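Below is one structure, written out as structure tokens, with a few remarks after it.
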Amino acid sequence: MFEKNLTDLIRGLRANKKNEAKYIATCIEEIRRELKGNDPDLKAIAISKLTYLQMLGFDMGWASFQVVEVMASPKFVNKRIGYLAAAQSFRQDTEVLMLTTNLIKKDLASSNYIEVGITIDGLSHILTPDLARDLSSDLISMLTHSRPYIRKKVILVLYKVFLKFPDGLRYSFPRLKERLDDPDPSVVCASINVICELARMNPKNYLSLAPQLFKLLTTSSNNWMLIKIIKLFAALTPLEPRLAKKLVAPIKSLIQTTPAMSLLYECIQTVISGGMLTLNSESGEASSASDVALAALCASKLKKFLEDPDQNLKYVGLLAMGKLLTIYPKAVVEHRDLILNCVEDSDISIRLRALDLVVGMTSKKTLMDIVKRLMTQLMPPPVPTAAFPTATAFQDPSYRRIIVDRILSICSHNSYSNITNFGWYIAVLVDLVYISEVNVGSQLSAQIVDVGVRVKSVRQYCVKMMSTGRPESNSDILYGAAWICGEYCNYLSSIPNTVKALLRPEALRLTPTVQQIYLHNVVKIYAYWSRQIAEDWSHDSWKEFLDTTNTAMELVQPFCHSNDLEVQERAYGAREIFRIVHSKVDTFTENPSPILVNLSDLFFSTELNPVAPKAQRKVPIPEGLDIDEWINEPIPESDSEEEVDAYGDNSFLDDQYPNSDRKKGEPIAEDPEVQKRRRAQRAEKLKNDPFYISTEANSIPSSPISEIDVDSIPIVELTIDEKPSLKSDRFNKKGKRKSKKKDRSPSPELAPIVFQPEEMPEDAMGSGSDDDSKLAKPVAKAGLLDHDFSGLLSVDLSKPLGADEVIIR
């Protein structure tokens with residue numbers, strides 16, 4: 001009578017906060033003594049205390065047998081404690097579970113329906129494949145129980161049984177189907193809930209339920225049940241197109257009348273994913289006026305989601321808009337301004353979802369406006385406003401990088417098909433260099449090079465923008481700038497200044513990759529200029545050419561001592577070209593040296609054209625070549641790395657000791673200390689060897705990025721204006737009064753766009769391999785909480801039960 005109950009335990013824990021561990025240890029010892037006794041009520045109290053301690057993180061696996069004893073108690077209070085403890089502590093590998101089969105059978109047959117209810121609840125947590133097999137017959141027979149309370153619980157626990165014992169689904173499906181016509185709505189709701197979950201794995205099995213489900217859809221007023229039924233139809237309609245046509249009227253009625261946002265969302269989801277909107281295969285638009293009206297109705301209802309102050313509704317609205325966009329874009333584009341407002345939302349998840357939508361809404365008419373709205377995200381005002389409630393959120397580097405990626409993605413989509421003014425796009429790329437404030441120089445550089453190669457009409461403006469800039473960040477843009485100025489140097493305004501700028505000492509602080517492209521293109525520019533000098537030969541031009549050559553020879557010398565071998569090689573090559581040319585023109589002659597004319601042929605003999613994206617797939621297979629056959633048989637791998645190391649090192653020993661009696665290739669015993677010292681000496685030797693490529697990422701010596709003075713790094717003649725308004729804004733201002741002050745970098749006039757033709761391989765194959773949908777797509781990974789449904793996937797409910805398929809009794 002002096003034992004502590006659960007209330008005493010909790011009070012004691014609160015009173016012993018300073019010595020909680022000691023107090024709990026004492027309580028566990030008391031519980032152990034109480035469980036050794038024969039009093040069932042005392043055992044139940046002990047198990048209840050132990051269950052509470054288990055919730056605090058203490059193990060109670062040692063008391064599993066006592067839990068089963070309490071479960072077997074005839075008293076309802078004790079039995080409830082036992083099932084709760086079992087549900088909380090038992091696992092699939094708990095050994096005493098095999099002792100519970102007959103106990104649970106007995107409790108399921110109890111006349112007390114509440115006792116049956118707690119048994120079913122506990123069973124749902126401790127089910128194993130053996131328990132599911134042994135108890136399935138009892139549970140199936142209880143589907144006709146007189147109490148709806150029991151029928152409902154049995155239906156729900158059967159879902160767990162099917163996961164552990166898939167064959168039970170075939171036995172119980174006729175009874176489960178009958179429950180859809182149950183007079184109690186809670187039983188019907190439970191049946192639909194279970195069927196909805198089962199249909200996620202294999203919806204084809206449940207097509208036969210369509211008439212009953214349709215009747216419930218048109219007669220039920222329970223929103224929760226309607227949501228489940230509509231989810232079921234969303235899984236069934238792709239398998240039966242006729243079902244989609246029949247569902248249009250009731251679902252459209254629900255969309256127009258229901259005030260429940262959850263039901264409205266599921267109806268719209270079913271319309272989108274259930275094939276109720278049919279498209280014309282040629283035009284990609286809705287094939288009938290009713291489809292147009294239905295799509296517009298869905299979009300107008302989703303507009304309410306986007307206008308709702310609830311962030312959750314706004315998010316799911318954007319999610320559904322994204323799915324509708326892929327089917328009927330016109331209905332979504334009408335709400336473009338509202339979606340763009342979501343891009344400025346304070347919630348990062350909503351902004352990202354809106355950005356995904358913006359990419360799909362882009363067209364030739366909307367591109368400039370959308371890009372301008374996105375670029376404002378990169379330069380929000382310092383003081384929070386209604387449009388920018390939290391300016392600090394827009395300073396997140398990862399978000400700024402996403403914005404830049406989206407701008408590049410929508411502009412370069414389908415080979416720049418939406419761009420009508422490439423001068424504007426070049427200005428956008430230059431603006432992003434300054435305002436992005438994240439390292440996206442390589443992406444911007446790649447875009448500038450690609451546009452320069454593809455669009456002939458914009459090359460002059462591109463060279464002008466690249467040759468007059470002083471980027472304060474994103475120095476990787478200099479790679480593309482140097483390439484553009486070298487490839488299309490005929491548009492340069494001052495070649496001598498360009499040559500000197502590319503070889504200025506500040507360039508030595510750049511990355512080796514940029515230094516390499518600098519050295520390569522300075523030679524290209526110099527070669528092109530030499531032909532110009534030869535064509536316009538005079539004493540003044542010869543004097544200027546000779547002075548520039550002398551300067552280039554001096555400036556290129558420091559690059560010859562670079563730590564990067566590629567930079568060294570290019571620097572030596574450039575220096576030799578300058579030296580050879582200088583030796584030929586060191587004195588003035590009436591006629592120019594032939595080398596001035598012929599040097600440019602090394603770099604500009606053919607025009608560089610873009611390669612079509614699908615060119616590689618269209619390369620014809622040579623006759624007689626079997627691409628599935630090995631050209632050279634693969635070398636078999638060694639059995640162990642230790643064997644390779646041992647024999648590989650001894651190949652050197654064979655040369656050192658040629659007269660040894662040891663067989664060639666045989667590993668020799670070596671003192672571990674000697675071996676360790678020899679390896680350390682070899683590693684130290686290779687450390688400073690410029691011809692040894694180390695596996696460590698930091699083994700290549702280079703200038704630290706933190707030491708780069710980006711302010712002093714030129715592209716060519718770095719004389720661009722200070723960072724004023726965006727250059728791309730010039731292309732958006734129409735009909736405004738011109739500024740009195742002349743702009744130093746006026747935007748080019750809108751000229752007809754001239755694309756460079758894309759190259760394809762000779763004898764290219766037909767367009768049979770053009771379909772990108774045949775390419776491999778990434779497989780979605782399973783979620784952390786997903787169950788194993790592999791057993792249910794093989795169950796076919798369309799086949800009748802065989803003679804050997806009987807319910808196990």
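Any read-out appearing in this document is the output of simple, stated calculations on the displayed coordinates, not a laboratory observation. Note that the structure is predicted; figures quoted are calculated from it, not measured. Methodologically, a virtual Cβ is constructed for each residue, glycine included, from the backbone with ideal geometry; neighbour enumeration extends over all protein chains shown.
Taking amide H atoms as placed 1.01 Å from N in the peptide plane, list the residues 5 or more away in sequence, or in a different chain, whose amide H sits under 5 Å from that of Val455.
Here the answer is Gln756, since their amide H atoms fall under 5 Å of that of Val455.
In nm, give the distance between the simple-model label positions of His145 and Ala296, each being 7 Å from the Cα along the Cα-to-Cβ direction.
Going from the His145 label point to the Ala296 one covers 5.3 nm.
For the residues Tyr315, Tyr572, what sequence is obtained by ranking on other C-beta atoms within 10 Å, fewest first?
Tyr572, Tyr315
Quick check on packing: order 325-335, 512-522 by the mean number of other C-beta atoms within 10 Å, highest mean leading. Spell out each step's value before the answer.
Working: 325-335: 18.4, 512-522: 23.0.
Packing order, densest peptide first, comes out as 512-522, 325-335.
Could you pull out every residue, at least 5 positions away or on a different chain, whose amide H is within less than 5 Å of the one on Gln377? Hs are placed 1.01 Å off N in the peptide plane, and Pro or chain starts have none.
none
How high is the FRET efficiency between Asp540 and Asn312 when r is their beta carbon distance and R₀ equals 45 Å, given to the nearest 0.05?
It comes to 0.05.
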